[in-house]
1. Keeping to the stretch A:134-158, report how many residues are within 11 Å of chain B (Cβ to nearest Cβ) and either charged (D, E, K, R) or in contact with a Pro (Cβ under 8 Å, 6 or more places away or on another chain) (or both).
2. Only one of B:His308, B:His294 is in the same structural domain as B:Asp384 (by TED's automatic domain parsing) and on the phi > 0 side of the Ramachandran plot. Can you tell me which?
3. Anything in the stretch B:162-193 that is more than 37 Å from the chain's Cα centre (by Cα) and exposed (fewer than 12 other Cβ atoms within 10 Å of the Cβ)? List them, or say none.
4. When the stretch A:122-133 is examined, which residues are found to be part of a strand (DSSP E or B) and within 13 Å of chain B (Cβ to nearest Cβ)?
5. Residues B:Trp108, B:Trp149: which one is of a type outside the set (A, V, I, L, M) and over 19 Å from B:Glu56 (Cβ atoms)?
6. I'm told B:Ala288 meets every condition in (1) outside any loop (DSSP other than H, G, I, E, B); (2) within 53 Å of the chain's Cα centre (by Cα); (3) over 19 Å from B:Leu400 (Cα atoms) except one. Can you identify the failing condition by its number?
7. Identify the single condition in (1) in a helix (DSSP H, G or I); (2) under 28 Å from A:Val149 (Cβ atoms) that B:Ala128 does not satisfy, given that it satisfies every other one.
8. Given the structure, is B:Arg298 more than 57 Å from the chain's Cα centre (by Cα) and either in a helix (DSSP H, G or I) or surrounded by fewer than 16 Cβ atoms within 10 Å (Cβ to Cβ) (or both)?
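The values are calculated or read from the model by the stated rules, or taken from the named source; none is laboratory data. Not measured: the values here are computed from a predicted model. Neighbour counts are summed over all protein chains in view; Cβ atoms, including those assigned to glycine, are modelled from backbone coordinates with ideal geometry.
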Amino acid sequence: MTAMNRLLFGTVMLAVSASGAAAEEVLLTLTGAVTGGQVELTQADLDALEWHEIATSTTVTDGQPVFRGVLMRDILDHAQASGDTVTARALNDYVIDIPMVDFHEFDVIAALYMDGIALTPRDKGPVWIVYPRDDHSVLADIRYDMRWVWQLRALHVQ
Amino acid sequence: MNRLGAYWRSAGLGALIVVCLGLLIVAATNIILIERQMQISATQNMTWIFGQTQIEALSLSAALAGDTSSDDVLLRYDLLVSRLNLLRDGPQWRFLSEAGLAEGLMGWRDGLLRLDPAEGGDTAALKAHVTALTTALRQKASQVMSREWQVQSERLDRLSKLHLLALAAIIGALISGAALAVLLVDRERRLMRARVDRLRAERLQRDLNRERAASEGYRRFADLIAHQVRTPLAVIDSAMHRLTRSGNPPTPEVIHAKADVSREAVARLVRLTDTALLMARVDRGAVAPDLACHDLDRIAATAIEDLHAGRRVTLRSGNRPVTAICDPVLTSEILSNLLSNALLYSPPHTEIDVRPVLNGEMAMCDVCDQGSGMTPEELTSAFDNFMRGARHRDLPGSGLGLPLARHLARLQGGDLTLKPREGGGLIARLSLPGKVAT
């Protein structure tokens, strides 16, 4: 299954590369209380982590799309992040503080695929923070909906 | 009629309970609905989403006008496309369609995509397109806001309606609950009244029984007068008649004999009167015992002596003195009463024993005769006023002796009991508070 996913991932990567994104391009930048004060993650770095899937409804789409990506806590562990709050910043400079406990309490993922299609900056990509909204009733709340950052590009840990 | 009333009251109670519960369920359902509709969803933030689209259009305009790098133009272009794509997504698109604002929006998007700078689109044409888009968006922005507020107001109206409904249901439940309480209180009052009626009936029954007992007492009293007063009077009358008979004057011996008979009859009448008077005093509570320590043996000996009964009565004292806390006059009265009974109701040749003993903390004196004793029925009514054994109706006696003796014993903190003697006869036991030798 994983091999299958990797194969699929590779194919999509080729497609992304063709549209101008390089595999070595930095997708996410972590700053603050992380290894060396700054950690830059490329597609390849994320590819090395374990991938997860969440099928959940969202507030801005219909139905229950399947999201695929890396657990936020895995990304933070990878960067040896330590702190209480993660400040997420999007391409359009949307900024929001997310408590670190969210990532340990829920399987929040940094999604790169929605329904098998890679997220791009022209949609809500390249990275969309997705909460398992349908698995926990408490998450169906505007206070959590605000933390679904799309077009995520940077995380600041403090 | 009353049963029909009870039926309607029960039916009313049941109906009220159903109404009360039903209204509470309605209220609870409405409150749950309100709770569910209270959630704010991000879709409702359309003003912000639309504003973001406007901002991205303006940013792209600015990037195209300035000296900014082509990378920045590409980023701004991507962001504007992403915002237009977001507007095209399900909930947002429905909102815009319902507001009549969707029309033309996707045409703007398609035009934008045709001028993609990443694929070498015409920058000047792109600039003109974006400027025109900015103007179009500005015109729609206020309409989006107005629509948003309208949606929110409608939602609040719905919530308010649910809220009022819940409130009305709760007030209804309160009213029916109050009615229920009134019914229950009324029911309780009825039950209480029934209980009071029952207690009153019981008291009436008791009063009636007492009245019956009293009238039975009067009947027995009349019986007593008939036998115990008439007999001595008849004896005296007969003696007087003999003494005054014409001719054949009585000899001095006859006069003496008749005088003796008459005196004895008078003495019986006096005894009867004394007993009745003492009983009346005891009933009135006018007899106050003078309690002190006394030797029960000596009181018994004196009582025996006073009877002049010869050798028939034997005092059988134990080897220890029996000291009772009592009134010697009253105790003597009791014992002579018991002894008179024993003499009267046992054959002349039999013996009567008197045994004072100390039993625990009680000083006792048993008077045992060898007469015919009493039947169980006689034993149970022996202490009723004016009660005479059916077999002894014609023997002298007031029917007050035993009740009076028991009264006197109880006045001194003691009691008087009767039990059959083994081998025939009766044991009358006087018990009095004893003084334990230390």
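1. So the answer is 6.
2. B:His308
3. B:Leu164
4. The one that is part of a strand (DSSP E or B) and within 13 Å of chain B (Cβ to nearest Cβ): A:Trp128.
5. B:Trp149
6. Among (1) outside any loop (DSSP other than H, G, I, E, B); (2) within 53 Å of the chain's Cα centre (by Cα); (3) over 19 Å from B:Leu400 (Cα atoms), the lone unmet condition for B:Ala288 is (1).
7. Failing condition for B:Ala128: (2).
8. no
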